[in-house]
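Input: a single structure, listed below in C-alpha cells.
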Amino acid sequence: MPFFNIYIERENMDFYQPILCSCCGKYGRYEAYIEYHVLRFFCIPLFTVKKKFFAVSTCCNNIYLIKNREKGFMIKRKQGYNVFLLEKDLEPLSENGCHGTDAAF
C-alpha cells in the first residue's frame, strides 16, 4: 500500500458568461472549473500542484483551457463579475463535432 498518492480534483467555480459560440454559431455560456492535483499522505491532503483553469461552452460542450491564469484566479476568488473571457484567453482542447460557424446555417 503506497503511503503517498496523487489524485485529481475538480471544483466548479461560480462563473457564467453569455456567448455567441464561434464554433457552432449558437447562443450559450461559458462555465468555469478548476482542476488540480493533490498530494496525499494516507488520506490526509498535504498540498496542491498543477492548477489549471477550464471553461466549457454549454451550447456544444467544447472545453477550453484558460491561458490567462490571472483571470482564472480572479474567477476563483469570486471576482468573476469583473472577468470577461476573450478568444485570446482560451485555447480549445476539444471540438465536439464543430466545423466553424457554417455548420449552424
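The values are calculated or read from the model by the stated rules, or taken from the named source; none is laboratory data. Small disclaimer: the values here were computed from a predicted structure and weren't measured. All Cβ positions, even for glycine, are placed from backbone atoms using ideal geometry, and neighbour counts span all protein chains on display.
A few notes on this one:
- Taking each residue of region 30-43 that is farther than 24 Å from Asn62 by Cβ and looking for partners that are aromatic (Phe, Trp, Tyr) and in a loop (DSSP other than H, G, I, E, B) with beta-carbon atoms closer than 8 Å, six or more apart or interchain, yields Phe41/Phe3; Phe42/Phe3.
- Complete set of residues in region 18-43 that are closer than 27 Å to Pro2 by Cα and at pLDDT 90 or above: Ile34, Glu35, Tyr36, His37, Val38
- Residue count for region 12-51, restricted to those that are within 10 Å of the chain's Cα centre (by Cα), buried (at least 17 other Cβ atoms within 10 Å of the Cβ) and under 13 Å from Leu90 (Cα atoms): 2.
- Screening region 67-83 for residues that are surrounded by 15 or more Cβ atoms within 10 Å (Cβ to Cβ) and not in a helix (DSSP H, G or I) and picking the one that is nearest to the chain's Cα centre (by Cα) gives Asn68.
- Among the residues of region 1-51, the one identified as of a type in the set (Gly, Ala, Ser) and on the phi > 0 side of the Ramachandran plot is Gly25.
- Pairs, first in contact (Cβ under 8 Å) with a residue 24 or more places away in the chain in region 59-74, second of a type in the set (Val, Ile, Thr) and surrounded by fewer than 21 Cβ atoms within 10 Å (Cβ to Cβ), C-beta under 6 Å, six or more apart: Ile63/Val56
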